Structures are given as structure tokens and as C-alpha cells.
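Peer 1: The structure follows.
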Amino acid sequence: MIEKIAVLGAGQMGSGIAHVAALAGYQVELVDISTAQLEKATISIDGNFERQLKKNLITALEREKAKARIVYSDKIRDSAVQLVIEAVSENITLKQQVLRHITADINADCIFATNTSSISITQLAAVTDRPEKVVGLHFMNPVPVMQLVEVIRGLATSDATFEAMEKLVSKLNKTMVMSKDYPGFIVNRILMPMINEAMYALYEGVATVEDIDIAMKLGTNQPMGPLALADLIGLDTCLSIMQVLHHGFSDSKYRPCPLLINYVNAGWLGRKNGKGFYSYT
Ligand code: NAD
């Protein structure tokens, strides 16, 4: 039975996952190599608990208990965690390195879940000593708000691992869908080409940033426009996902928009560092 979870990567997704897991009663170790990022995560998680309290979604006691369940750390200190959820940056080499590195330190029964948006679970599993215990657990952003979790089975993922994730998602009070292990799974295979196309519309001068977003919000009833959503996801993450789709399907329809590549090269990553298609101060 899973009681203790380590979340690797304290960015926007890792913080959100730690938040919902702690509220659901799990002991959580939130791990990042960057001390600055751990400090940012503490502030962001506390702020999100506060928001939920103000909206009467949680009680003060629930908040205090959940906060007390989260430990912030620069490495996994409890080798007896039963689940590691990897949420480091969307880069296959980095993810493989991280999984390879922790393999030696963590209890052989521990399940490795990855929050990757698009990378092959099978390929990540192959670098570990326990491919049957590796599974995709794809949360949506922002995690405390969004209802969906995609569970992705790699070629070797066992029924027991899958069933453990089914139970976990249900305990987190979220809704699960199951996807096979193909690039982008369900959500990003459909969503990301639309976002990329919105960037092409901007690149080709079809309309302004604002008009593209208003058109898609009011014309297709989306809660936010595709360019604002790209800024929320992170433009580096969007680019990595498009590259995985492009490479994985060998199909030119997934080629990343040159504007997206330029923005990432410029260090404009969206909300997380203050500038993307919009400015955030
Ligand atoms: P982010 O850039 O906000 O955070 C990534 C974190 O990983 C950073 O804090 C970084 O310091 C940390 N990190 C890097 N190397 C590390 C290491 N070796 N050990 C520990 N920590 C390390 O990124 P994010 O948006 O939180 O995305 C994380 C993962 O979640 C990616 O795989 C991404 O595709 C996926 N995801 C993102 C979204 C989204 O909307 N942003 C949605 C679903 C899934």
C-alpha cells in the first residue's frame, strides 16, 4: 500500500502534485536540485492552500495537516518511499539520468511514475531495473484544479502497477483515463498541434496574439486561448512535446513553429519566467 511518495522536480507540476498528494493523506518528499526552486515551491504551495481555504474547499485543520505532510529536500532521503513521481523538465536524457540515478537508492518494490507530457514510458522504463513498475501518471496544469489524470502503460507495465495507480488517482479524487504509450498520449497529441497551429497563425500574420486567443475562447468555448495556455504550460515544455510528436511519428504535420523555437532560444518561457506571448510582472 502506498503511504509515502517522493516527487522529483519542484516546478509548477511537482509542486501541484505534492499539494494534492498531501491533501489526500500521503507523506510527501518534494525534491529539487535547485534550492531557489524549493523556496519558490514552498511559497506557491502555501499560497494555493490559502486560496483553497478562502474558497472553503478545505478547512484550516486540513491545510495544517497537509502542510505538515510535505518535506522539501535536495534529494530523496527516505529510501522506503513506495512511489516516486518524476516531474523534472521535459527532456528524455535528463529523465533517464534521474531514473537511472535513483534506481540504486530506492527500495526494489517502489513504483516509478513519470509525469512526462509526451515521452515514451517504455523508453524511460528501459533504463531502470524495474520496467514492470514504471508507469506514466500525467497530471494536468494546474494540478489542484484540473480533474484529469492520464495513466499510461508502457510495454512492460504490470497489471499490479497499473492497479496501484488506479487506486491512487481515485484517492486523489481525480478522474483517470488510460492511454497506450504513443507520443503525446491522448491530451497532448490533440491539444499541442492546435497550440502549435495558433503559433503559426501568429507567425504568418493572420491575427494578433489577443485576437487569436479571443477567437478560440469565444468561438470554440475554451476557457483560455491557445497562446495564453502555451504560456501557462511553459514554451520550453511545448517545444519539447512538439519535438517528441514530430520525431515519434516522423510526420511533418507536427513540425514545431519557428516562432516557438525563437521564443525558447530567447529564454521567453511563458509565465514561469515572466515573458512569453504575454508579459507577466
Ligand atoms: P518546470 O520547469 O516548472 O519544473 C521542472 C523542475 O525540475 C525545475 O524545478 C528543475 O529545477 C527540476 N529539476 C531539473 N533537474 C532535476 C533533477 N535532476 N532532480 C530534481 N529536480 C530537477 O516544469 P513543469 O512544467 O513542472 O514540468 C515538469 C514535467 O511535467 C515535465 O515532464 C512536463 O512535460 C510535465 N507536465 C507539464 C505540464 C505543464 O502544463 N507545464 C502539464 C503536465 C505535465
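Peer 1: Separation between the Thr35 and Met146 pseudo-spin-labels, each 7 Å from Cα along Cα→Cβ, expressed in nm?
Peer 2: It is 3.2 nm.
Peer 1: For Leu83, list long-range residues whose amide hydrogen, built 1.01 Å from N in the peptide plane, is under 5 Å from its own amide hydrogen.
Peer 2: Amide H to amide H, under 5 Å and 5 or more residues apart or across chains, Leu83 pairs with Lys4, Ala6, Ile111.
Peer 1: Is there a quick way to get the dipole size of the chain? I mean about its Cα centre, with the Cβ of Lys and Arg at +1 and of Asp and Glu at -1; what is the value in debye to the nearest 20?
Peer 2: Dipole magnitude for the chain comes out near 360 debye.
Peer 1: At most 16 other Cβ atoms within 10 Å plus a DSSP loop assignment makes a site exposed; report the longest stretch of the chain without any exposed trypsin sites (Lys or Arg not before Pro).
Peer 2: 78-281
Peer 1: Is region 4-180 rounded, prolate or oblate when judged by the Cα gyration tensor, a ≥ b ≥ c being the square roots of its eigenvalues, rounded requiring a/c under 1.5 and prolate requiring a/b larger than b/c?
Peer 2: The shape class here is prolate.
Peer 1: Tell me, what is the percent relative contact order of region 188-273, built from C-alpha pairs under 8 Å that lie six or more residues apart?
Peer 2: Computed over region 188-273, the figure is 33 percent.
Peer 1: Go ahead and set up a Gaussian network model of the chain, Cα springs under 10 Å, then flag whichever of Pro144, Pro223, Pro131 fluctuates most.
Peer 2: Looking only at Pro144, Pro223, Pro131, the largest GNM fluctuation is found for Pro223.
Peer 1: From the Cα gyration tensor of region 143-216, with a ≥ b ≥ c the square roots of its eigenvalues, which class applies: rounded if a/c is under 1.5, or else prolate if a/b is larger than b/c, or else oblate?
Peer 2: oblate
Peer 1: Continuing with this model, one more query. Compute the relative contact order of the chain as a whole-number percentage, counting only Cα pairs closer than 8 Å that sit 6 or more residues apart in sequence.
Peer 2: The value is 14 percent.
Peer 1: Of all beta bridges DSSP finds with both residues in the chain, what is the antiparallel percent, to the nearest 5?
Peer 2: 20
Peer 1: Can I ask one more? Once each part is reduced to its C-alpha centroid, what is the distance from region 194-226 to region 114-152 in angstrom?
Peer 2: Cα centres, region 194-226 to region 114-152: 29 Å.
Peer 1: Find how much the distance from Asp211 to Val71 grows on full extension, using 0.36 nm per residue of separation minus their present alpha carbon separation; answer in nm with one decimal.
Peer 2: 46.0 nm
Peer 1: Turning to a different aspect of this structure: Give a residue-ordered list of calculated ³J(HN,Hα) values for region 82-95 (Karplus: 6.51 cos²θ - 1.76 cosθ + 1.60, θ = phi - 60°; whole Hz; x for Gly, Pro).
Peer 2: 9, 8, 10, 10, 8, 9, 7, 4, 6, 8, 4, 5, 5, 5
Peer 1: Using helices alone, what [θ] at 222 nm do you get for the chain, with -39,500 (n - 2.57) per DSSP H run of 4 or more residues, divided over all residues and rounded to the nearest 500?
Peer 2: -14500 deg cm²/dmol
Peer 1: Need one word for region 190-281: rounded, prolate or oblate. Basis is the Cα gyration tensor (sqrt eigenvalues a ≥ b ≥ c); a/c below 1.5 gives rounded, then a/b vs b/c decides.
Peer 2: Since a/c reaches 1.5 but b/c is at least a/b, the shape of region 190-281 is classed as oblate.
Just so you know, all these numbers are worked out from the coordinates, no wet-lab data involved. Computed from a predicted structure; not experimentally measured. All Cβ positions, glycine included, derive from the backbone under ideal geometry; neighbour counts span all protein chains shown.
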